[in-house]
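Here, each number is a calculation from the coordinates, and none is a lab measurement. Source: prediction; values computed, not measured. When we count neighbours, we look across all protein chains shown, and the Cβ atoms used for this are built from the backbone with ideal geometry, even at glycine.
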Amino acid sequence: MFGFANFLLLALFAAAVFDLIFALARGGGLRGALHGLWNTPHLLFGQQLAEWRLQLGRILFAAGLAAYEISVVFCNSMARQNWAWVQGVMSPVLEWLAFLCFGAKILFGTRYTWRELLAGGALYFIARWVYFNSQNIWWIGIVVAVLAAKDVPLRRPLQVYFASGCAAMAVVLALHFAGIVAPDLTSERMGALRGTYGYGHPNTFGGLVFGLVLAYALLRAQKVRWVDCLLVFAVGVFLLVGPASRSAALCTLALAVGLVFCRLRAGHSVPRWWPGTCAGMVGLTAAVSYLLPLLVIKVGPWNNDIGPAWLAKLDSLLTCRISLTWMAYRLLDVKIAGQVFNWPTVDNSFAFALFQFGPVVAALLGILFAAALWGHAKQGRRVEVCCLFAMLAYAYMEVQPFHLTTNPTALLLCGAVFAQTSARWQKIE
């Protein structure tokens, strides 16, 4: 994917040059050309077949989501251990199909002002730079998908995302319970066995289910029903007692509570303090993620042998998230543009971003997430805000928020990425 990442950046730069040349050719001088490009939304590489290209772009975006979802939900299951072609042929074909669909949508099926192009292009330049250092394919995948989401009504793509993910997971579950794919694979925690359901780890399965639950909740954004709240709650209970994926289960249950709140407050206006409070929660969560491990006092040889006692209890509740970050502080350097590391495990997205992607991207991600919460809260989109809050809590306990298949809420950041006013952000309708 390194070649694709370079090509996309060069193509965006070439498109800007192409825009300027044709704007100058239309007359009006350099100042007039720049003013028009800065303020007028336009397709890249000419305006021919504009409506057809915009419609095709939406189709390509949905197709890219489907291909990407299947490539992860099916090809990254334990089916890869049964059949070599799953990882050797099917997975790379689907990944390339997804990236080509996203790339075509970005370059040929999206209107930009130069202001938006500069904002999105600058962030992509940084993301690509970090990708080259971290070599994290999940990172470049979610970045390109967010760029491709610009100005796309999200309901149909989310329906495709949800349907393809459910279908792929249903196939894996059927193969698992039929005794074909990892029928006896379990995980042990403190003497209790946890089901993996055809995936390599209970938390992998939990994260994928959580992503589908978020997509379902977003699809109900316009009208939350009591049955939606009950369904999400039931999935949360299943995640707690089946795979015992605590982080996914707790966040799913919290989302169910949030949907109840949305149902009860439907039709009510949003208080003035609400957007700022929502945005501030990102800073609070980041502060807890970064500062709490600094209070750790090592009292024994094992990873979780820490003090003081209250912090040790909290660390146990969070399955060593605090002590793992403490260990990372002592074993890893912070690199400005990220790095490759496989150990120690860092199961906190804030700390993971700091070490894997570097402080620049870690700060930008926090700013963009806070901006997304502020903008959607300002527009009164309670379900979107609840989904973002659920992902924020999940990010404290896992690193799967950097996987598009676990984090469809990343698409809600698109408006902030392109520096659009919140009134222009896509609605799910």
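Ordered by residue, what ³J(HN,Hα) values in Hz, to whole numbers, does region 261-276 give under the Karplus form 6.51 cos²θ - 1.76 cosθ + 1.60, where θ = phi - 60° and Gly and Pro are x?
Values per residue, Gly and Pro as x: 4, 4, 5, 6, 9, 4, x, 8, 6, 8, x, 5, 7, 5, x, x Hz.
With axes computed from alpha carbons, what is the tilt in degrees of helix 382-397 against the longest principal axis of the chain, rounded to the nearest 10 within 0 to 90?
Approximately 50 degrees, to the nearest ten.
Classify region 254-377: rounded, prolate or oblate, from the alpha-carbon gyration tensor (a ≥ b ≥ c, eigenvalue square roots; a/c under 1.5 rounded; otherwise prolate if a/b is larger than b/c)?
Oblate is the answer for region 254-377, as a/c is 1.5 or above yet b/c matches or exceeds a/b.
Have a look at GLN47, LEU324, MET1 and report the one farthest towards the positive end of the charge dipole of the chain, computed about the Cα centre with Cβ charges (Lys/Arg +1, Asp/Glu -1).
Most positive-ward Cα: GLN47.
Can you give the translational diffusion coefficient of region 1-152 in µm²/s, computed by Stokes-Einstein from the Kirkwood radius over Cα pairs at 25 °C and 0.890 mPa s?
Value of D from the Cα-based Kirkwood radius: 147 µm²/s.
So if R0 is 35 Å, what FRET efficiency would LEU314 and TRP226 give, r being the distance between their Cβ atoms, rounded to the nearest 0.05? Walk me through the numbers before you get to the answer.
On the way: r = 34 Å, r/R0 = 0.98.
Result of the calculation: an efficiency of 0.55.
Can you give me the Cα centroid spacing of region 349-365 and region 232-249 in angstrom?
Comparing the Cα centres of region 349-365 and region 232-249, I get a distance of 28 Å.
Based on Cβ point charges of +1 for Lys and Arg and -1 for Asp and Glu, what charge dipole magnitude is obtained for region 1-152 about its Cα centre, in debye rounded to the nearest 20?
Its charge dipole is roughly 240 debye.
In whole Hz and in residue order, list the ³J(HN,Hα) couplings for region 231-240 that follow from phi through the Karplus curve 6.51 cos²θ - 1.76 cosθ + 1.60, θ = phi - 60°; x for Gly and Pro.
Once rounded to whole Hz, the list reads 5, 5, 4, 5, 5, x, 5, 4, 5, 6.
Using each residue's phi in region 34-46, evaluate 6.51 cos²θ - 1.76 cosθ + 1.60 at θ = phi - 60° and report the 3J(HN,Hα) Karplus result to the nearest Hz, with x for Gly and Pro.
Running phi through 6.51 cos²θ - 1.76 cosθ + 1.60 with θ = phi - 60° gives 5, 5, x, 5, 5, 10, 9, x, 8, 6, 7, 6, x Hz.
Provide the net charge surrounding LEU292, with neighbours chosen by a C-beta distance below 12 Å and charges set as Lys +1, Arg +1, Asp -1, Glu -1.
In short, 0.
Between region 374-408 and region 284-319, how many Å separate their Cα centres?
25
On a full-extension model of 0.36 nm per residue, what is the gain between HIS268 and LEU34, subtracting their alpha-carbon distance, rounded to one decimal in nm?
Gain in length upon complete extension: 79.9 nm.
In Å, what Kirkwood hydrodynamic radius results for the chain from the alpha-carbon pair distances? Walk me through the intermediate numbers first.
Numbers: mean 1/r = 0.0441 Å⁻¹.
This gives a value of 22.7 Å.
Which one, VAL346, ALA16, ALA423, is farthest towards the positive end of the dipole of the chain when Lys and Arg carry +1 and Asp and Glu -1 on their Cβ?
Projecting each Cα onto the dipole axis, the largest value belongs to ALA423.
Long-range amide H contacts for MET78: which residues qualify at under 5 Å (H placed 1.01 Å from N, peptide plane, sequence gap of 5 or more or a different chain)?
When sequence neighbours closer than 5 places are left aside, the close amide H contacts are TYR199, GLY200.
What do you get for the angle between helix 2-25 and the principal long axis of the chain? Use alpha-carbon atoms, 0 to 90 degrees, nearest ten.
Once rounded, one gets 20 degrees.
Once the piece of chain linking ASN133 and LEU56 is laid out straight, how much longer is it, given 0.36 nm per residue of separation minus the C-alpha distance between them?
Computed gain between ASN133 and LEU56 is 24.4 nm.
Report the charge-dipole magnitude of region 290-394 in Debye, nearest 20, computed about the Cα centre from +1 at each Lys and Arg Cβ and -1 at each Asp and Glu Cβ.
With only Lys, Arg, Asp and Glu charged at Cβ, the dipole is about 240 debye.
Using only DSSP helix segments of four residues or longer, with each worth -39500 (n - 2.57), what per-residue ellipticity at 222 nm results for the chain after dividing by its residue count and rounding to 500?
Value at 222 nm, helices only: -21000 deg cm²/dmol.
If I take R0 = 51 Å and measure r between the Cβ atoms of PHE45 and GLN379 in this structure, what FRET efficiency does the formula 1/(1 + (r/R0)^6) give, to the nearest 0.05? Walk me through the numbers on the way to the answer.
Details: r = 32 Å, r/R0 = 0.63.
Efficiency, from the Cβ-Cβ distance: 0.95.
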